[in-house]
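Undergrad: Quick one: the structure is below, and I'll ask about it shortly.
The values are calculated or read from the model by the stated rules, or taken from the named source; none is laboratory data. Everything numeric here is computed off the predicted structure, so don't read it as measured data. Counting neighbours? That spans all protein chains shown, and the Cβs are built from the backbone with ideal geometry, glycine included.
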Amino acid sequence: MRFGIIDHNDDTGRPHVRQVAERLELIEAYDRLGFYAYHLTEHHGTPLAVTPSPHLMLAAAAQRTSRLRLGTLITILSLYHPMRIIEEAVTLDQLSNGRLDLGVGRGVSPAELAFHGVSGEQEAQGRFDEAFAATGHFYAGDPAGARDWVARHRDIGGINYMALETCFGDMTQAEALRSAELLATEVMPHFA
């Protein structure tokens, strides 16, 4: 069984510059400790995330890790032009040397959608459908070096993969790192 992390990077009350730096150190530890994947959520205008651009955070993480798969959970397609997502995904996949897991969705929070000028569920669904169709055609055709995106997709279903959602709002950096170390040394070996 493989273990991964799902992270909101919710506001801890610490200075955001410090929190982002600490989170990148923690991602490095996940890589070093043998975790399979790190997935970052996307939230806007709420304390649920101090990193509202998961692609930028994952680009930084890609430069600090070598094995850890990096992904979005989710990229809110309703908020982007389809070509923007294609370009960012290809760049992230190249920066991570093929370790990107791009999770996509429409977004469900009316407040977060409105924060970006999306008027409601109907508009969000229409934007999602358009962006999903465009990105799907792009990856299936593999233009401009998308490197057989669909063919490379890893099987992470069933019992082969377990993601653990993390919320570090009231944990110090040392406590979060110790939790990851304990999971890697005391739990993960029992599922190898």
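Undergrad: Tell me yes or no: at least one residue of segment 136-143 is surrounded by fewer than 20 Cβ atoms within 10 Å (Cβ to Cβ), modelled with pLDDT of 85 or more and among the hydrophobic types (A, V, I, L, M, F, W, C).
TA: Within segment 136-143, not a single residue is surrounded by fewer than 20 Cβ atoms within 10 Å (Cβ to Cβ), modelled with pLDDT of 85 or more and among the hydrophobic types (A, V, I, L, M, F, W, C).
Undergrad: Can you find even one residue in segment 63-83 that is β-branched (Val, Ile, Thr), modelled with pLDDT under 95 and not in a strand (DSSP E or B)?
TA: The initial filter retains those residues of segment 63-83 that are β-branched (Val, Ile, Thr), namely 65, 72, 74-76.
Within this subset, residues satisfying the condition of being modelled with pLDDT under 95 are 72, 74-76.
Filter again for not in a strand (DSSP E or B), leaving none.
No: zero hits.
Undergrad: Separate question: Scan segment 38-57 and give yes if some residue there is in contact with a helix residue (DSSP H, G or I) (Cβ under 7 Å, 6 or more places away or on another chain) and more than 28 Å from Ala111 (Cα to Cα), otherwise no.
TA: Scanning segment 38-57, I find no residue that is in contact with a helix residue (DSSP H, G or I) (Cβ under 7 Å, 6 or more places away or on another chain) and more than 28 Å from Ala111 (Cα to Cα), so the answer is no.
Undergrad: For the subset of segment 1-31 comprising residues that are assigned to a strand (DSSP E or B) and surrounded by fewer than 19 Cβ atoms within 10 Å (Cβ to Cβ), which member is modelled with the highest pLDDT? Working first, answer last.
TA: Step one: filter segment 1-31 for residues assigned to a strand (DSSP E or B), giving 2-7.
Pick out the ones that are also surrounded by fewer than 19 Cβ atoms within 10 Å (Cβ to Cβ) and you get 2, 6.
Details: Arg2: 86, Ile6: 92.
So, considering only residues that are assigned to a strand (DSSP E or B) and surrounded by fewer than 19 Cβ atoms within 10 Å (Cβ to Cβ), the one modelled with the highest pLDDT is Ile6.
Undergrad: I would also like to ask the following. Assess whether Ser66 counts as being over 22 Å from His116 (Cα atoms), crowded, with 21+ Cβ neighbours inside 10 Å, free of Cβ contacts under 8 Å to residues at least 40 places away in the same chain and not aliphatic (A, V, I, L, M). Before you say what the answer is, go through the steps one by one.
TA: On the way: over 22 Å from His116 (Cα atoms): yes; crowded, with 21+ Cβ neighbours inside 10 Å: no; free of Cβ contacts under 8 Å to residues at least 40 places away in the same chain: yes; not aliphatic (A, V, I, L, M): yes.
Considered against the rule, which asks whether it is over 22 Å from His116 (Cα atoms), crowded, with 21+ Cβ neighbours inside 10 Å, free of Cβ contacts under 8 Å to residues at least 40 places away in the same chain and not aliphatic (A, V, I, L, M), Ser66 comes out as no.
Undergrad: So, of the residues in segment 9-44 that are aliphatic (A, V, I, L, M) and more than 15 Å from the chain's Cα centre (by Cα), which turns out to be farthest from Ala62 (Cα to Cα)?
TA: Restricting to residues being aliphatic (A, V, I, L, M) and more than 15 Å from the chain's Cα centre (by Cα), the top hit is Val17.
Undergrad: If you don't mind, there's one more thing I want to ask. Being of a type outside the set (Val, Ile, Thr) and at pLDDT below 70, is that true of even one residue in segment 111-127? It would help to see each step written out before you state the result.
TA: Just the residues of segment 111-127 that are of a type outside the set (Val, Ile, Thr), to begin with: 111-117, 119-127.
Those still in the list that are at pLDDT below 70 too: none.
Within segment 111-127, not a single residue is of a type outside the set (Val, Ile, Thr) and at pLDDT below 70.
Each row is one residue, and each column tells you yes or no for (1) of a type outside the set (Gly, Ala, Ser); (2) without any contact (Cβ under 8 Å) to a residue 40 or more places away in the chain; (3) in contact with a Pro (Cβ under 6 Å, 6 or more places away or on another chain); (4) surrounded by fewer than 20 Cβ atoms within 10 Å (Cβ to Cβ).
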{"site": "Ala59", "(1), (2), (3), (4)": "no, yes, no, yes"}
{"site": "Ile74", "(1), (2), (3), (4)": "yes, yes, no, yes"}
{"site": "Arg84", "(1), (2), (3), (4)": "yes, yes, no, yes"}
{"site": "Ala89", "(1), (2), (3), (4)": "no, no, no, no"}
{"site": "Leu92", "(1), (2), (3), (4)": "yes, yes, no, no"}
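Undergrad: Just name the residue that is surrounded by the most Cβ atoms within 10 Å (Cβ to Cβ) out of those in segment 117-135 that are within 20 Å of the chain's Cα centre (by Cα) and not aliphatic (A, V, I, L, M).
TA: Thr135
Undergrad: Here's a follow-up. Here is a list of conditions, (1) part of a helix (DSSP H, G or I); (2) surrounded by fewer than 21 Cβ atoms within 10 Å (Cβ to Cβ), and Pro47 meets all of them except one; can you say which number that is?
TA: Pro47 satisfies every listed condition except (1).
Undergrad: Which of the residues belonging to segment 169-192 are of a type in the set (Val, Ile, Thr) and either at pLDDT 70 or above or within 22 Å of the chain's Cα centre (by Cα) (or both)? Full working, then the answer.
TA: Keep residues of segment 169-192 that are of a type in the set (Val, Ile, Thr), which gives 172, 185, 187.
Once the filter is applied, which keeps residues that are of a type in the set (Val, Ile, Thr) and either at pLDDT 70 or above or within 22 Å of the chain's Cα centre (by Cα) (or both), segment 169-192 yields Thr172, Thr185.
Undergrad: Could you grab me the full set of residues in segment 44-77 that are among the hydroxyl-bearing types (Ser, Thr, Tyr) and in contact with a Phe, Trp or Tyr (Cβ under 9 Å, 6 or more places away or on another chain)? Please lay out each step first, then the result.
TA: Within segment 44-77, the subset among the hydroxyl-bearing types (Ser, Thr, Tyr) is 46, 51, 53, 65-66, 72, 75.
Within segment 44-77, Thr46, Thr65 meet the criteria.
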